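Engineer: My questions all concern the structure below.
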Amino acid sequence: MNNPRLILPADLRLIGQDPTVLVRRCNKGELVRVRRGAYTKSTDWNELGLLSRYGLQAAAFQALTPRQPVFTHASAALLWGLWIVGVPRRLHVVTDVVTSGRSKNGVIRHVGSLEQNTVRCGPFLLTNKAVTTMALIKELSFPYAVAVCDSALRNPDDRQAVNQFAVADTVRTAHQPLWVTDGPQGPAVPVGDLLNAAEHLASRAARERTLAVINFASALSGSAGESISRAKMHQLGFPAPVLQKQYTLRDGSDASVDFWFKEQNLAGEFDGKTKYLRADWGGGSMEERLWKEKRREDDIRGQGVGFVRWTWHELRNREQFAALLRRAGLPQDGS
């Protein structure tokens, strides 16, 4: 499908047409109002996923704003491919006007510089990766802050290279940025940069909280679900696992598990749906991929390793997640 085109009232005025026709077409269901004063074809809109719709809303906001906005926080994180969970409900932009309203018409404004620490991503300007990471670490709860920080520390691997925007310290200009990615884009943020930024936070409580996230973070995490799992294990008092433990399978190929608990010889795996859709799984149907995963697990079990798996459903429920890990044989502090 082609990228949906925004239709603005000014476009119709340029060709001598009455822009009120857009409202009539919207009422008929032919158009969808992306933002007030910006429309697109309903057929195109209906084919978009949530992230792509969000990207079109960002483009609409930019088209209607006199000065090009600088996207930040969750909006910038999506373009950087940082691991945030879900699609934001609002756009996040930088403002240099301290007295401006923080939230209005679906846009949250964060006070900052419109010139410093910004890069271009296709038609958009956004805060750089380190600034974006720090902004989210300071605001998110510990598990979700860890997911963002883990992703910031990772370099794009081979399966993500097709989605890579970054070259050196800038973002390559592209006609249409990718709002849906397999993982982090652009070079990893040096942990030293994050630690230095944390040390300059004005509040002692903010410094300590942010440093706790950065010091806990790991570039070995493979997804947001893995990062949040590890952070919640820590909060619940379970032992720290080894990440990406490697095994050699019967056919001589290598395989890794998300988590390995040495004393219990127990492997733990987070099963998010996207795990089975990743590019590095190669071709084949979903059934073939699930069968491949079962054979992989059976092979590792054959080496005397126990297995425990969980999904977003268990992970979102504190009691269920803790109970699942205890049943698998993991000790919990205070139990």
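Engineer: I want to confirm something. Restricting to the stretch 1-46 and keeping residues that are small (G, A, S) and in a loop (DSSP other than H, G, I, E, B), which single residue is surrounded by the most Cβ atoms within 10 Å (Cβ to Cβ)?
Structural biologist: Filtering the stretch 1-46 down to residues small (G, A, S) leaves 10, 16, 29, 37-38, 42.
Right, trim to in a loop (DSSP other than H, G, I, E, B) and you get 16, 29, 37.
Working: G16: 6, G29: 8, G37: 15.
It comes out as G37.
Engineer: Which of the residues spanning the stretch 245-266 are out of contact with any Lys or Arg (no Cβ under 8 Å at 6 or more places or on another chain) and under 24 Å from R326 (Cβ atoms)? Let's see the steps before the verdict.
Structural biologist: So in the stretch 245-266, the residues out of contact with any Lys or Arg (no Cβ under 8 Å at 6 or more places or on another chain) come out as 245-248, 250-254, 258, 261-266.
Passing the criteria: K245, D258, F261, K262, E263, Q264, N265, L266.
Engineer: I would also like to ask the following. Wholly within the stretch 54-163, which strands (runs of 3 or more DSSP E) include no fewer than the required count, namely at least 1 residues that are assigned by TED's automatic domain parsing to the domain that holds S229? Don't jump to the end; show me each part of the working.
Structural biologist: Numbers: elements: 91-95, 107-111, 118-121, 124-127.
Ranges flagged: none.
Residues checked against (1) under 21 Å from A152 (Cβ atoms); (2) at pLDDT 90 or above; (3) within 27 Å of the chain's Cα centre (by Cα):
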position	(1), (2), (3)
L31	no, yes, no
N46	no, yes, yes
A63	no, yes, yes
P66	no, yes, no
A76	yes, yes, yes
V87	yes, yes, yes
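Engineer: Among the residues of the stretch 140-155, is there at least one that is basic (K, R) and within 23 Å of L201 (Cα to Cα)?
Structural biologist: Of the stretch 140-155, the ones basic (K, R) are 154.
So of that shortlist, the ones also within 23 Å of L201 (Cα to Cα) come out as none.
No: the stretch 140-155 contains no residue that is basic (K, R) and within 23 Å of L201 (Cα to Cα).
Engineer: In addition: For G49, indicate whether it is within 21 Å of S151 (Cβ to Cβ), in contact (Cβ under 8 Å) with a residue 60 or more places away in the chain and surrounded by 12 or more Cβ atoms within 10 Å (Cβ to Cβ).
Structural biologist: Details: within 21 Å of S151 (Cβ to Cβ): yes; in contact (Cβ under 8 Å) with a residue 60 or more places away in the chain: yes; surrounded by 12 or more Cβ atoms within 10 Å (Cβ to Cβ): no.
Against the criterion (within 21 Å of S151 (Cβ to Cβ), in contact (Cβ under 8 Å) with a residue 60 or more places away in the chain and surrounded by 12 or more Cβ atoms within 10 Å (Cβ to Cβ)), G49 does not qualify.
Engineer: Identify all residues within the stretch 314-335 that are assigned to a helix (DSSP H, G or I) and surrounded by fewer than 17 Cβ atoms within 10 Å (Cβ to Cβ); write none if there are none.
Structural biologist: First, the residues of the stretch 314-335 that are assigned to a helix (DSSP H, G or I): 314-315, 318-327.
Within the stretch 314-335, R318, E319, Q320, A323, R326, R327 meet the criteria.
Engineer: Looking at G268, G304 in this structure, which one is in a loop (DSSP other than H, G, I, E, B), at pLDDT 85 or above and not acidic (D, E)?
Structural biologist: On the way: G268 fails: in a loop (DSSP other than H, G, I, E, B).
The conditions single out G304.
Engineer: Taking the residues in the stretch 239-254 that are under 26 Å from the mean Cα position of the chain (by Cα) and crowded, with 16+ Cβ neighbours inside 10 Å as candidates, determine which candidate is nearest to D333 (Cα to Cα).
Structural biologist: Only one residue tops the list, namely P241.
Engineer: Further, regarding this structure: What residue, of V98, V85, is touching a strand residue (DSSP E or B) at 6+ places or on another chain (Cβ under 8 Å) and not basic (K, R)? Lay out the reasoning, then the answer.
Structural biologist: On the way: V85 fails: touching a strand residue (DSSP E or B) at 6+ places or on another chain (Cβ under 8 Å).
Unique residue meeting the criteria: V98.
Engineer: Mind checking which residues of the stretch 217-238 are surrounded by 18 or more Cβ atoms within 10 Å (Cβ to Cβ) and not aliphatic (A, V, I, L, M)?
Structural biologist: If the condition is that a residue be surrounded by 18 or more Cβ atoms within 10 Å (Cβ to Cβ) and not aliphatic (A, V, I, L, M), then S221, G222, S223, G225, E226, S227, S229, R230, K232, F238 are the ones that fit.
Engineer: Shifting gears a bit: Scan the stretch 119-136 for residues that are touching a strand residue (DSSP E or B) at 6+ places or on another chain (Cβ under 7 Å) and more than 20 Å from L195 (Cα to Cα) and report the count.
Structural biologist: Residues meeting the conditions: 6.
Engineer: Could you check how many residues of the stretch 68-94 are touching a Leu at 6+ places or on another chain (Cβ under 8 Å) and free of Cβ contacts under 8 Å to residues at least 40 places away in the same chain?
Structural biologist: 3
Residues are listed down the side, and each one gets a yes or a no for (1) touching a Phe, Trp or Tyr at 6+ places or on another chain (Cβ under 7 Å); (2) surrounded by 12 or more Cβ atoms within 10 Å (Cβ to Cβ); (3) more than 29 Å from P143 (Cα to Cα); (4) not acidic (D, E):
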position: G86; (1), (2), (3), (4): no, no, no, yes
position: R90; (1), (2), (3), (4): no, yes, no, yes
position: T95; (1), (2), (3), (4): no, yes, no, yes
position: S103; (1), (2), (3), (4): no, no, no, yes
position: G106; (1), (2), (3), (4): no, yes, no, yes
position: L114; (1), (2), (3), (4): no, yes, yes, yes
position: N117; (1), (2), (3), (4): no, yes, no, yes
position: C121; (1), (2), (3), (4): yes, yes, no, yes
position: T127; (1), (2), (3), (4): no, yes, no, yes
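Engineer: Continuing with this model, one more query. Of all residues in the stretch 10-40, how many are within 14 Å of A59 (Cβ to Cβ) and in contact with a Lys or Arg (Cβ under 6 Å, 6 or more places away or on another chain)?
Structural biologist: The qualifying residues number 1.
Engineer: Being in contact (Cβ under 8 Å) with a residue 24 or more places away in the chain and within 22 Å of the chain's Cα centre (by Cα) is the requirement here; does A206 meet it?
Structural biologist: Working: in contact (Cβ under 8 Å) with a residue 24 or more places away in the chain: yes; within 22 Å of the chain's Cα centre (by Cα): no.
The answer is no for A206.
The values are calculated or read from the model by the stated rules, or taken from the named source; none is laboratory data. Since we're looking at a predicted model, the values are computed, not measured. No Cβ is skipped: glycine too gets one built from the backbone with ideal geometry, and neighbour counts run over all protein chains shown.
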